[in-house]
1. Calculate for the chain the 222 nm mean residue ellipticity that helices alone would give, adding -39,500 (n - 2.57) per DSSP H run of length 4 or more and normalising by residue count, nearest 500 deg cm²/dmol.
2. Return the loop-located trypsin sites (Lys or Arg not before Pro) in segment 296-339 (DSSP other than H, G, I, E, B) with at most 16 other Cβ atoms within 10 Å of their own Cβ; answer none if there are none.
3. In this model, which of LYS59/LYS326; LYS99/LYS374; LYS292/LYS370; LYS318/LYS347; LYS99/LYS132; LYS252/LYS380 are farther than 30 Å apart at the alpha-carbon?
4. If packing is taken as the mean number of other Cβ atoms within 10 Å per residue, what is the order of 54-61, 34-41, highest first?
5. Of LYS31, LYS290, LYS216, which is the most mobile in a GNM of the chain whose springs link Cα atoms less than 10 angstrom apart?
6. Counting only C-alpha contacts under 8 Å and six or more residues apart, can you give the relative contact order of the chain as a whole percent?
7. Per 10 Å bin, what percent of the C-alpha pairs of the chain does each bin hold, from zero upward?
8. Using the Cβ atoms and a cut-off under 14 Å, what net charge is assigned to the surroundings of TYR294, where Lys and Arg are +1 and Asp and Glu are -1?
Amino acid sequence: MLRCNILSVFLAFSLLAGAQNWKVVRENPQKAFPKNVAAGNYSGIAHLHDDIYAVVSDKSDSALYFNFRILVNPKTGELEQVENLGFTERTDGTLNDGKPWQGQEKGFDHEAIVKVSDSTLVIASEGYCRLKEYPILPISADTAKVGYPQNLWESRWPSSDFYPNYNFESLAFDSVHQYLWTIPESTLRKDGQPATPQNGLANRLRLMRLDWGKMKEDSNKKEYSEQVSSKKDSRYMTTYAYQMDQPSTHKKADIYVMGVSELCALPDGQLLVLEREAFIPKIKIGAFCKCKLYLINPLNSEEFSMKEKFSSDTPFLKKRLLTEWKTGLSLSKRSFANYEGMCLGPKLEDGSQVVILLSDSQDQYAGVLKDWFKTIVIRKE
């Protein structure tokens, strides 16, 4: 009996050791394409089709999203060309007819974008504390021929739930399970203080999973509008506890941002989490942005209700560091890149998966910062 038990344990460990998991096989250097990408505040990216991507800007009150063409080397995953093709759709979901924007709403602060079907995508508005579904319009859309989908989804949250500029910054969509994922950038007000260099706290966040497939299935039913409204679609939501790393500096900052800037769903249901720490002193020289890319598997983890309070017994998600990098601003180097957008790109010839990242240059601040793009190649092995 003892021999059988030992053999069983050995076999179990052998299976675990042989289990495939995601690893970084190549991290390519960041690149800028100033000839084809005008200065912007690019903060989110989603793959639409072929080499076309949808990119949102957090300072645009006219363009809903920009169409980008991104070409990647099929062997190395390095960026070969990035081009902003302009925009087709306005922030109210209507067609861009070339006339001056007359919309009344301002300050959308669109931070993330994700494709949820062949005809629609969801955009996160930090300015409105809102997640909203919009139609995907073709690049060469004709006003007379465009048909707009009905029953488009929208979810708003009270701004009082969040600290300023610390609400919805990320979106990911698991097309296999039909789950929409998001996470507040920093700690919610009810959960404590956000991390700073002075307090040294680790942000404690609530990862949210929305059963998009079930919600859309119910959306045409009569009871849907009666039961889903101000309760943040709670009947379709599952939450998990996520803890960030602590600040890496204790120096005084003029501007300091510590939070999760993006999520990305992998084909097997696991998630990439981009933790971003941006430190900017008053003199600007010495500024840095530190990024860490983690892998988590919430579908195989314990849930954590929105009503539960964080404690020493909280079942925080286990996370595994895939890679990290640091950019900065000095007298001789201007590599500072605040990475805010991330999505899956193409697969390479060897089957590896490209992850595309983009940074927010604050409209190429003071002529010093650049709109940087970066690729990381991962593979399950």
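Derivation of every value follows stated rules applied to the coordinates shown; laboratory data play no part. Everything quoted here is computed from the prediction, not taken from an experiment. All Cβ positions, glycine included, derive from the backbone under ideal geometry; neighbour counts span all protein chains shown.
1. Working: 3 runs with 30 residues, N = 381.
It comes out at -2500 deg cm²/dmol, rounded to the nearest 500.
2. Working: sites: LYS307, LYS309, LYS318, LYS319, ARG320, LYS326, LYS333, ARG334; in loops: LYS307, LYS309, LYS318, LYS333.
Counting only loop positions with at most 16 other Cβ atoms within 10 Å, the trypsin sites (Lys or Arg not before Pro) in segment 296-339 are LYS307, LYS309, LYS318, LYS333.
3. Numbers: LYS59/LYS326 25 Å; LYS99/LYS374 34 Å; LYS292/LYS370 20 Å; LYS318/LYS347 27 Å; LYS99/LYS132 24 Å; LYS252/LYS380 41 Å.
Listed pairs above 30 Å: LYS99/LYS374; LYS252/LYS380.
4. On the way: 54-61: 22.5, 34-41: 15.1.
Per-residue mean Cβ counts within 10 Å order the peptides as 54-61, 34-41.
5. Highest fluctuation among the options: LYS216.
6. On the way: 908 pairs, mean separation 67.8, N = 381.
So the answer I get is 18 percent.
7. Bin by bin from 0 Å, the calculated values are 5, 23, 33, 25, 11, 3, 1, 0, 0.
8. Working: positive: LYS23, ARG276, LYS290, LYS292, LYS318, LYS319, ARG320; negative: ASP245, GLU262, GLU275, GLU277, GLU324.
Here the count lands on +2.
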